[in-house]
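Below: the structure, in structure tokens.
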Amino acid sequence: MKVEVRKVTCRRNMDDFVRLPRMMYHDVPQFVPDLERDVVDFFCRKNNPGLEFSDVQHFVAYRNDVPVGRIVGIVNRKANERWQQRVVRFSLIEFVDDLDVSRALLETVAQWGREMGMDTIQGPMGITDFDKEGMLIDDFHLTGTMNTIWNPDYYPRHMEALGFQKAVDWVQVRIQIPQETPLRYSRTAQYVREQVGLRVVKMGDAGIDSRHYARQALQMFNEAYAPIFGFSALSEAQIEAFLDRYLPLVDKQMVPIVLNKQNEVVGAAVTIGSLSEALQKAGGRLLPTGWYHLLKALKWKHEDTVEMLLVGVRPDYQGMGVNALFFDDLIPIYNKYGFKWAETGPQLEDNVRELSQWKPLKPEYVKRRRCYKKLIIDN
């Protein structure tokens, strides 16, 4: 049967778009669903300020009126200006193991991009670097996380068959949490505190304005991540939206913020107990009981893994041992909470400085992900 790709223009199309992954992977133990509310909010200007500088269109593929795939096209005007390029990104892509379906989805976004003057298609990437990005190309047997993409092993085969090439790869770092902070980190942390004058504070500490320092931390991430592939800085509206959504959820003891003598934020690490099992039990829905599974994992009964979502240091303080302060602070807390493992978010494979900091912890590099690219106009 012929594949038909439709723009999402009505409630039925949106329901199909949101529910498709749950339909495809309901019996796959590695799959961790997004909260359906978060997917809907991605397309709402009120809840996603990134739409102020991005054009977004979502599509669903049907065969015989049954949904068999989905995709989002994104033109981030701010990122294209920053990187001097004409790229249409694709995101939230899902498809059954049928090359006609994947081809139809990607060609639809390519055509949409061409109509907007773009010359390259690239993805999976979101509006910002804080959205999920990168298609999994190995370790399909490992359980996904709440902030990364899991996909079946046939996805990268489709991309290669359709002529897509590697743009960049990311890897994740997985470590077993030691019972004691390695001497290298504790000594460096002591030196940084005494000689450089840096200190760690927590947003829950007395006299600390949580929102003020969290806002400074997000602004600092804009500076720290500026050189990273495809990065699009958070606007002030995006920062406020992030604070509204996530600040009430984080355990502030697990978010060390590093201040200098002038009380400026020069480093921050945003970490959270894994919600993978809770999201699986919730099935992507808060109601009727999904909220309970998430609250239980956040507040009462932690899973055995902690996710290190964001770690950043202001450029003028990089290489000065700030990361040792994070490890010296967090390792005892992780042990207190009973965490056994820690896993980073995706890190660029060529970011040698970032990856080398994990060596004393005997890291395992897992879950390689790829951003693909392809020209969509004739040379």
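Things worth noting here:
- Val352 surrounded by fewer than 16 Cβ atoms within 10 Å (Cβ to Cβ) and either in contact with a Leu (Cβ under 6 Å, 6 or more places away or on another chain) or farther than 22 Å from Glu160 by Cα (or both): yes
- Count of the stretch 254-276 residues which are of a type outside the set (A, V, I, L, M), farther than 23 Å from Leu294 by Cα and either open to solvent by less than 20 Å² (accessible area, probe 1.4 Å) or modelled with pLDDT of 95 or more (or both): 2
- Qualifying residue in the stretch 142-158 (condition: open to solvent by 20 Å² or more (accessible area, probe 1.4 Å), free of Cβ contacts under 8 Å to residues at least 12 places away in the same chain and not hydroxyl-bearing (Ser, Thr, Tyr)): yes
- Exactly one residue out of Ala79, Ala104, Ala110 is farther than 30 Å from Thr289 by Cβ, modelled with pLDDT under 95 and not in a loop (DSSP other than H, G, I, E, B), and it is Ala79.
- The stretch 86-110 - residue that is closer than 11 Å to Gln122 by Cβ and in contact with a Ser or Thr (Cβ under 7 Å, 6 or more places away or on another chain) and, of those, least open to solvent (accessible area, probe 1.4 Å): Val87
- Selected residue (only one of Lys359, Lys367 is closer than 23 Å to Phe231 by Cα and either open to solvent by less than 50 Å² (accessible area, probe 1.4 Å) or at pLDDT below 95 (or both)): Lys367
- Each residue in the stretch 329-346 was checked for being open to solvent by 20 Å² or more (accessible area, probe 1.4 Å) and either touching a residue at least 60 places away in the same chain (Cβ under 8 Å) or in contact with a strand residue (DSSP E or B) (Cβ under 7 Å, 6 or more places away or on another chain) (or both), and 8 pass.
The values are calculated or read from the model by the stated rules, or taken from the named source; none is laboratory data. These numbers come from a predicted model, not from an experiment. So basically every Cβ, Gly included, is an ideal-geometry build from the backbone, and we count neighbours across all protein chains shown. The protein model used for the area step is the full one, side chains on, heavy atoms only, and it has no ligands, DNA or RNA in it. Shrake-Rupley method; radii C 1.70, N 1.55, O 1.52, S 1.80 Å.
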